[in-house]
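> For reference, the structure I am asking about is given below.
The values are calculated or read from the model by the stated rules, or taken from the named source; none is laboratory data. Quantities reported herein were computed from a predicted structural model and do not represent experimental measurements. Here the Cβ positions follow ideal geometry from the backbone for every residue, glycine too, while neighbour counts run over all protein chains shown.
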Amino acid sequence: MHELEYPFDNNYILKKSKSLKKALLGDGSSRITKKIAVLGGSTTHDIIRILELFLLNYGIEPVFYESEYGQYYQDAMFPGEELSSFNPDIIFVHTSNRNIKEYPDMNDTDEVVEAKLNATYRHFETMWQKLSDTYHCPIIQNNFEAPFYRLLGNRDVYDVHGRLSFVNRLNEKFNEYARKCAKEGTSFFINDINYLSSCYGLDAWSDPMAWHMYKYALCIPAIPTLSFNIANIIKSIYGKNKKGLVLDLDNTLWGGVVGDDGVDGIEIGQETNLGQVYSEFQDYIKMQKDLGVVLTIDSKNERENAIAGINHPDGKLKEEDFVIIKANWEPKSENLKAIATELNVLPESLVFVDDNPAEREIVKGQLPGTQAPEMDSPEHYIRILDHSGFFEATLISEDDKKRNEMYMANIKRASLEESFADYGEYLKSLEMTADIAPFEKMYMPRIAQLTNKSNQFNLTTKRYTQDDIEKAAADPANITLYGRLTDKFGDNGIVSLVIGNIREDALHMDLWLMSCRVLKRDMEFAMMDALVAKAKDKNINTIYGYYYPTAKNKMVKDFYLLQGFEKVSEDAAGNITFKFDIPEEYDNKNHYIDVKLS
Amino acid sequence: MTREEVFEKINEVFRDVFEDDDITVNETTTADDIDDWDSLEHINLMNAIEQEFDIKFTMGQIVAMKNVGEMADIIISKLS
């Protein structure tokens, strides 16, 4: 929804929240439901009201628990019945520098200041650990905004007695904790209100009236800025980040029109002011790529001219940075659609970056859900893309860093496929190997993420938190398997998951999903073979498969039939039960992947 | 801006904030007269009024405001 995309009008959202909510709920889109506990150190009412809008817009329908005013600590440490039975999927702790109980005193020795710092930090750390032990769910914690006054003037930032110094040191301790969690695979995230408040303007953000009148730790008009930031973290946790950029060339990646001005005439590089702006933008885009954002081009140009422009010696981006380059005279929306198909992603997971408002309108009109931020003037390009939160990096996995290579490899596979008359020969030529094994600790975040973002090749569309996944893996009555596929073009990462539950001598499939980018590579059969082998180990002879229809998973309606199951029953809602009796002599169905099963 | 015009705009804000096109406020309207006008919605309402007229209430004014008439008085004093 345009009203909720950066740069949004904060006051419009605040005023119109009721009608915006109505419109979002009435748009017919399907959403995942998540329970979010908001534990506040100050008033949270409107923060939640606006957070709901941003989450609905991201395809997440939130159910909220809101602590009583200022009761974040009590709620965390001594949970009442209400919070315990709420059993949150995510906990957001909304605290601010108003919640720091003991600041340094001018007469304190260094040791006393240190002790105060540690005591304040421990207050929070104890709470996080308690929350983590009790709820095993992701925690989002505000850091602290800078104080709105500096008693010592500029000295406040470095003198240990300064509040600014104290807040900065606390924030660094929070960061250390977050880094430690990231290393251990625990879901703990900082909501960086220190940065947000500085972008917004600290004096305005800290409006004392909002505190003294309403006990808000930030001014009312800043609330959407805060809520948007929280929503970005949450949608990222559930795998709802955008996947790639679809970039225009002329006046987007360089100044001027390469077809008219020639390669020598476009502005890029250190020669001109505008050239410098575009250089910095190209740099930014290149860094996005290194984080796993897929880069593609959608430009109205002769291909030859486009390539020449991209390879301009002063440009930071090069031809090989782009997975797909569409430079032609087709409508841009058609090109974008083709790019999405080639990448095997939905058009709405791509961001269209174009300086031309008419092109943006066409794309948004033809492909609803595809975002096309308002790139009005090149000096604002970076801020607009950056603050839009498309690629909020709550989880940076090895797979993410290699994403461009993976898509590049996919394109090569496709062209290889075309060169083979026989599909089997093509599969053979891919030299595929797979690791299939029970869920492993180090992959838990990725596995949980996959269950939340796979929609098409997903038989039950059951969503799991990381904690659910860990529990499922630890349960001896379960068989869990992940599959990782590699071929001569590269590593595809973890692409398939199954979870089966053993009840009364039969295995019941709770989950079976696969990433669509490895469709028709025999990976679904390799998983079946592995599952059968694991079931036999446990003397199980029957497997029940379940298909629960959604708006998006029609492609796997007959999946179990394909695997040799027979249909047992179907209810009025279209939920189908299938059954497979494992024969004495089971012949492996996968013929092309060399599987290592552990 | 005349008092009528001020009230016209105030009405628009009320209708937006409470998502109710039937609301019409007058000089003596108070929070008791509108169902959803509680202390939490009041915050949102004050903010929306400030935006609409491009003014800032002081804390003292917000605390002292007794009804919509008084709100209009303050708005008019700030506009002139």
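> Can you find, within the range B:57-80, the residue that is nearest to the other protein chains (Cβ to nearest Cβ) among those that are in a loop (DSSP other than H, G, I, E, B) and over 18 Å from B:VAL17 (Cβ atoms)?
Taking the range B:57-80 first, the residues in a loop (DSSP other than H, G, I, E, B) are B:57-58, B:65-67, B:80.
Keeping just the survivors that are over 18 Å from B:VAL17 (Cβ atoms) gives B:58, B:66, B:80.
Details: B:THR58: 8, B:LYS66: 16, B:SER80: 23 Å.
Per the stated criteria, the residue is B:THR58.
> For the range A:192-246, enumerate the residues that are part of a loop (DSSP other than H, G, I, E, B), within 14 Å of chain B (Cβ to nearest Cβ) and hydroxyl-bearing (Ser, Thr, Tyr).
Initial filter on the range A:192-246 (part of a loop (DSSP other than H, G, I, E, B)): A:192, A:201, A:206-207, A:215-219, A:238-243.
Narrowing further to those that are within 14 Å of chain B (Cβ to nearest Cβ): A:207, A:215-219.
Within the range A:192-246, A:TYR216 is the sole residue that qualifies.
> Quick check: is even one residue across the range A:503-511 within 30 Å of A:ALA414 (Cα to Cα) and of a type in the set (A, V, I, L, M)? Walk me through how you get there before you give the answer.
To start, the set of residues in the range A:503-511 that are within 30 Å of A:ALA414 (Cα to Cα) comprises A:511.
Imposing the further condition that a residue be of a type in the set (A, V, I, L, M) reduces the set to A:511.
Within the range A:503-511, one or more residues are within 30 Å of A:ALA414 (Cα to Cα) and of a type in the set (A, V, I, L, M).
> Of the residues in the range A:102-154, how many are hydroxyl-bearing (Ser, Thr, Tyr), part of a helix (DSSP H, G or I) and surrounded by fewer than 14 Cβ atoms within 10 Å (Cβ to Cβ)?
First, pick out the residues of the range A:102-154 that are hydroxyl-bearing (Ser, Thr, Tyr): A:103, A:109, A:120-121, A:126, A:132, A:134-135, A:149.
Narrowing further to those that are part of a helix (DSSP H, G or I): A:120-121, A:126, A:132, A:134-135.
With the extra rule that they be surrounded by fewer than 14 Cβ atoms within 10 Å (Cβ to Cβ), the set shrinks to A:126.
Within the range A:102-154, residues that are hydroxyl-bearing (Ser, Thr, Tyr), part of a helix (DSSP H, G or I) and surrounded by fewer than 14 Cβ atoms within 10 Å (Cβ to Cβ) number 1.
> Separate question: Tell me the residue from A:SER236, A:SER279 that is closer than 30 Å to A:LEU4 by Cα and free of Cβ contacts under 8 Å to residues at least 60 places away in the same chain, please. So that I can check it myself, show each step before the final result.
Numbers: A:SER236 fails: free of Cβ contacts under 8 Å to residues at least 60 places away in the same chain.
Exactly one of A:SER236, A:SER279 is closer than 30 Å to A:LEU4 by Cα and free of Cβ contacts under 8 Å to residues at least 60 places away in the same chain, namely A:SER279.
> Residues that are in contact (Cβ under 8 Å) with a residue 40 or more places away in the chain, within 27 Å of A:ARG413 (Cβ to Cβ) and assigned to a helix (DSSP H, G or I): does the range A:539-558 have at least one? So that I can check it myself, show each step before the final result.
Keep residues of the range A:539-558 that are in contact (Cβ under 8 Å) with a residue 40 or more places away in the chain, which gives A:540-543, A:545-548, A:550-553, A:555-556.
If we keep only those that are within 27 Å of A:ARG413 (Cβ to Cβ) too, we end up with A:552-553, A:555-556.
Next, only the ones that are assigned to a helix (DSSP H, G or I) stay: A:555-556.
Yes; the residues of the range A:539-558 include at least one that is in contact (Cβ under 8 Å) with a residue 40 or more places away in the chain, within 27 Å of A:ARG413 (Cβ to Cβ) and assigned to a helix (DSSP H, G or I).
> Something else now. Go through the range A:484-505 and report how many residues are over 28 Å from the mean Cα position of the chain (by Cα) and at pLDDT 95 or above.
Total meeting the criteria: 2.
Residues are listed down the side, and each one gets a yes or a no for (1) surrounded by fewer than 15 Cβ atoms within 10 Å (Cβ to Cβ); (2) more than 30 Å from A:PHE322 (Cβ to Cβ):
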residue: A:GLU405; (1), (2): yes, no
residue: A:SER429; (1), (2): no, no
residue: A:MET442; (1), (2): yes, yes
residue: A:SER454; (1), (2): no, no
residue: A:ASP468; (1), (2): no, yes
residue: A:GLY483; (1), (2): no, no
residue: A:ASP487; (1), (2): no, no
residue: A:GLY490; (1), (2): no, no
residue: A:ILE499; (1), (2): no, yes
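> When you scan the range A:313-321, do you find a residue that is among the acidic types (Asp, Glu) and surrounded by 15 or more Cβ atoms within 10 Å (Cβ to Cβ), even just one?
Yes, there is a match, as at least one residue in the range A:313-321 is among the acidic types (Asp, Glu) and surrounded by 15 or more Cβ atoms within 10 Å (Cβ to Cβ).
> Counting only residues that are without any contact (Cβ under 8 Å) to a residue 40 or more places away in the chain and touching a Lys or Arg at 6+ places or on another chain (Cβ under 6 Å), which one in the range A:9-61 is farthest from the other protein chains (Cβ to nearest Cβ)?
The extreme case among them is A:GLU61.
> Check off (1) in a loop (DSSP other than H, G, I, E, B); (2) modelled with pLDDT of 95 or more; (3) within 23 Å of A:GLU405 (Cα to Cα) for A:ASP355 and give me the number that stays unchecked.
(3)
> Tell me the residue from A:ALA473, A:ALA530, A:ALA506, A:ALA535 that is under 18 Å from A:PRO583 (Cβ atoms) and touching a Ser or Thr at 6+ places or on another chain (Cβ under 7 Å), please.
Numbers: A:ALA473 fails: under 18 Å from A:PRO583 (Cβ atoms); A:ALA530 fails: touching a Ser or Thr at 6+ places or on another chain (Cβ under 7 Å); A:ALA535 fails: touching a Ser or Thr at 6+ places or on another chain (Cβ under 7 Å).
The unique qualifying residue is A:ALA506.
Rundown of residues vs (1) under 21 Å from A:PRO104 (Cβ atoms); (2) surrounded by 16 or more Cβ atoms within 10 Å (Cβ to Cβ), yes/no style:
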site	(1), (2)
A:VAL167	yes, yes
A:ASN171	yes, yes
A:PHE174	yes, yes
A:LYS183	no, no
A:SER187	no, yes
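> A follow-up question, please. Scan the range A:413-427 for residues that are modelled with pLDDT under 85, part of a helix (DSSP H, G or I) and surrounded by fewer than 13 Cβ atoms within 10 Å (Cβ to Cβ) and jot them down.
Passing the criteria: A:ALA414, A:SER415, A:GLU418, A:SER419.
> Out of all the residues in the range A:163-191, which are in contact (Cβ under 8 Å) with a residue 40 or more places away in the chain and either under 28 Å from A:MET444 (Cβ atoms) or within 14 Å of chain B (Cβ to nearest Cβ) (or both)?
Scanning the range A:163-191 gives A:LYS173, A:PHE174, A:TYR177, A:GLY185, A:THR186, A:SER187, A:PHE188, A:PHE189, A:ILE190, A:ASN191.
> Separate question: Need the failing condition index for A:TYR65 against (1) surrounded by fewer than 20 Cβ atoms within 10 Å (Cβ to Cβ); (2) out of contact with any helix residue (DSSP H, G or I) (no Cβ under 6 Å at 6 or more places or on another chain); (3) closer than 30 Å to A:LEU25 by Cβ, just the number.
The one condition A:TYR65 does not meet is (2).
> Among the candidates A:ASP250, A:ASP264, single out the residue that is acidic (Asp, Glu), over 17 Å from A:TYR58 (Cβ atoms) and touching a strand residue (DSSP E or B) at 6+ places or on another chain (Cβ under 8 Å).
Details: A:ASP264 fails: touching a strand residue (DSSP E or B) at 6+ places or on another chain (Cβ under 8 Å).
None of the other options fit; the residue is A:ASP250.
> Right, A:MET514: in contact with a helix residue (DSSP H, G or I) (Cβ under 9 Å, 6 or more places away or on another chain), within 30 Å of A:GLY292 (Cα to Cα) and among the aliphatic types (A, V, I, L, M) or not?
Yes.
> Among what's in the range B:21-44 and is without any contact (Cβ under 8 Å) to a residue 12 or more places away in the chain and within 9 Å of chain A (Cβ to nearest Cβ), pick the residue that is surrounded by the most Cβ atoms within 10 Å (Cβ to Cβ).
My answer is B:ILE43.
> Could you check A:ALA572 against (1) in a loop (DSSP other than H, G, I, E, B); (2) within 30 Å of A:LEU346 (Cβ to Cβ); (3) in contact (Cβ under 8 Å) with a residue 24 or more places away in the chain and say which number it fails?
(3)
> Turning to a different aspect of this structure: State yes or no: is A:LEU274 outside any helix (DSSP H, G or I) and either more than 14 Å from chain B (Cβ to nearest Cβ) or out of contact with any Ser or Thr (no Cβ under 7 Å at 6 or more places or on another chain) (or both)? Quick ask: steps written out before the conclusion?
Numbers: outside any helix (DSSP H, G or I): no; either more than 14 Å from chain B (Cβ to nearest Cβ) or out of contact with any Ser or Thr (no Cβ under 7 Å at 6 or more places or on another chain) (or both): yes.
Spelling it out, it is not the case that A:LEU274 is outside any helix (DSSP H, G or I) and either more than 14 Å from chain B (Cβ to nearest Cβ) or out of contact with any Ser or Thr (no Cβ under 7 Å at 6 or more places or on another chain) (or both).
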